[in-house]
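The structure under discussion is supplied below as structure tokens; questions concerning it will follow.
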Amino acid sequence: MRKKLIHWLFDQTQKVYTKWLKRDHIPWNISTTDLLKYPEESFGYHLGQFLNKNNFELIAKVERHDAYHTLCGYGTKVEDEIALQYLCLGNGKRSPYMFGAILLGTLILPDYFRYYYRSYQIGKNANTFHHLDYKEILQLNFEDFRQSIFQTSVIFNN
């Protein structure tokens with residue numbers, strides 16, 4: 001029930017976030033099918049695989065979020081979404097939406113706090129990635145890019 005509440009809150013706030021807080025962002029206008037046409041070793045292809053596996057399309061103006069999932073290896077369960085926000089916080093990202101997700105997620109699902117804290121530490125120890133223009137790096141080699149961000153000792157979930 002708690003996870004359903006958080007999922008519902010994500011759905012409701014996402015609409016407001018993309019309409020008002022991201023109104024200056026330009027959508028990529030790239031479909032999952034387009035991404036799956038990239039070379040298999042590319043970041044774009046791996047992003048397409050993530051979207052295809054989860055039956056998703058990129059959400060206009062916040063495409064970067066799914067790029068974070070792909071890069072960091074986090075799933076789409078509610079606790080993974082919150083942990084990904086902690087990872088981004090550790091990496092230096094700051095946004096009202098992120099702080100809201102962390103606050104509500106921690107209050108509603110405190111039983112995952114160890115996972116959240118580990119994610120924060122991973123983000124803190126990673127090279128900065130939250131500011132990158134992910135549309136411009138879709139053609140990069142996925143493994144090389146991932147290794148340039150994270151230490152080799154990081155274990156990814158995918």
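Looking at (1) within 24 Å of Lys3 (Cα to Cα); (2) touching a Phe, Trp or Tyr at 6+ places or on another chain (Cβ under 7 Å), can you tell me which one His46 breaks?
Answer for His46: the failing condition is (1).
Hey, could you check segment 59-75 for residues that are out of contact with any Lys or Arg (no Cβ under 9 Å at 6 or more places or on another chain) and at pLDDT below 95 and say which is surrounded by the most Cβ atoms within 10 Å (Cβ to Cβ)?
Step by step, filter segment 59-75, then rank; the result is His65.
May I pose another question? Can you name every residue in segment 30-42 that is within 18 Å of the chain's Cα centre (by Cα) and either modelled with pLDDT under 75 or surrounded by fewer than 16 Cβ atoms within 10 Å (Cβ to Cβ) (or both)?
Scanning segment 30-42 gives a single hit, Ser31.
Another question about this same structure. Of the residues Ser119, Ser148, which single one is touching a Cys at 6+ places or on another chain (Cβ under 9 Å) and not aromatic (Phe, Trp, Tyr)?
Of Ser119, Ser148, the one residue that is touching a Cys at 6+ places or on another chain (Cβ under 9 Å) and not aromatic (Phe, Trp, Tyr) is Ser119.
Hey, among Thr128, Thr106, which residue is polar (S, T, N, Q) and either within 15 Å of the chain's Cα centre (by Cα) or modelled with pLDDT under 95 (or both)?
Every option except Thr128 fails the conditions.
If you take the residues of segment 47-58 that are over 13 Å from the mean Cα position of the chain (by Cα), part of a helix (DSSP H, G or I) and not small (Gly, Ala, Ser), which of them is surrounded by the fewest Cβ atoms within 10 Å (Cβ to Cβ)?
Looking at residues that are over 13 Å from the mean Cα position of the chain (by Cα), part of a helix (DSSP H, G or I) and not small (Gly, Ala, Ser), I get Lys53.
The rows are residues; the columns are (1) closer than 14 Å to His65 by Cβ; (2) part of a helix (DSSP H, G or I); (3) touching a Lys or Arg at 6+ places or on another chain (Cβ under 6 Å).
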{"position": "Asp80", "(1), (2), (3)": "yes, yes, no"}
{"position": "Ile102", "(1), (2), (3)": "no, yes, no"}
{"position": "Asp111", "(1), (2), (3)": "no, yes, no"}
{"position": "Arg118", "(1), (2), (3)": "no, yes, no"}
{"position": "Thr128", "(1), (2), (3)": "no, no, no"}
{"position": "Leu132", "(1), (2), (3)": "yes, no, no"}
{"position": "Lys135", "(1), (2), (3)": "yes, yes, no"}
{"position": "Glu143", "(1), (2), (3)": "no, yes, no"}
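If you go through segment 135-152 one residue at a time, do you hit one that is modelled with pLDDT under 95, more than 19 Å from Arg2 (Cβ to Cβ), exposed (fewer than 13 other Cβ atoms within 10 Å of the Cβ) and not β-branched (Val, Ile, Thr)?
Checking segment 135-152: at least one residue is modelled with pLDDT under 95, more than 19 Å from Arg2 (Cβ to Cβ), exposed (fewer than 13 other Cβ atoms within 10 Å of the Cβ) and not β-branched (Val, Ile, Thr).
Run down Arg64, Arg114 and say which single residue is within 24 Å of Leu35 (Cβ to Cβ) and basic (Lys, Arg).
Arg64
Is there a residue in segment 82-96 that is aromatic (Phe, Trp, Tyr), closer than 24 Å to Met1 by Cβ and more than 14 Å from the chain's Cα centre (by Cα)?
no
Residues of segment 76-92 being within 17 Å of Asp133 (Cα to Cα) and surrounded by fewer than 19 Cβ atoms within 10 Å (Cβ to Cβ), which ones?
Answer for segment 76-92, where residues must be within 17 Å of Asp133 (Cα to Cα) and surrounded by fewer than 19 Cβ atoms within 10 Å (Cβ to Cβ): just Gly92.
The values are calculated or read from the model by the stated rules, or taken from the named source; none is laboratory data. Keep in mind that this is a model prediction, so the values were computed, not measured. FYI the Cβ positions are ideal-geometry reconstructions off the backbone, even for glycines, and counts take in every protein chain you see.
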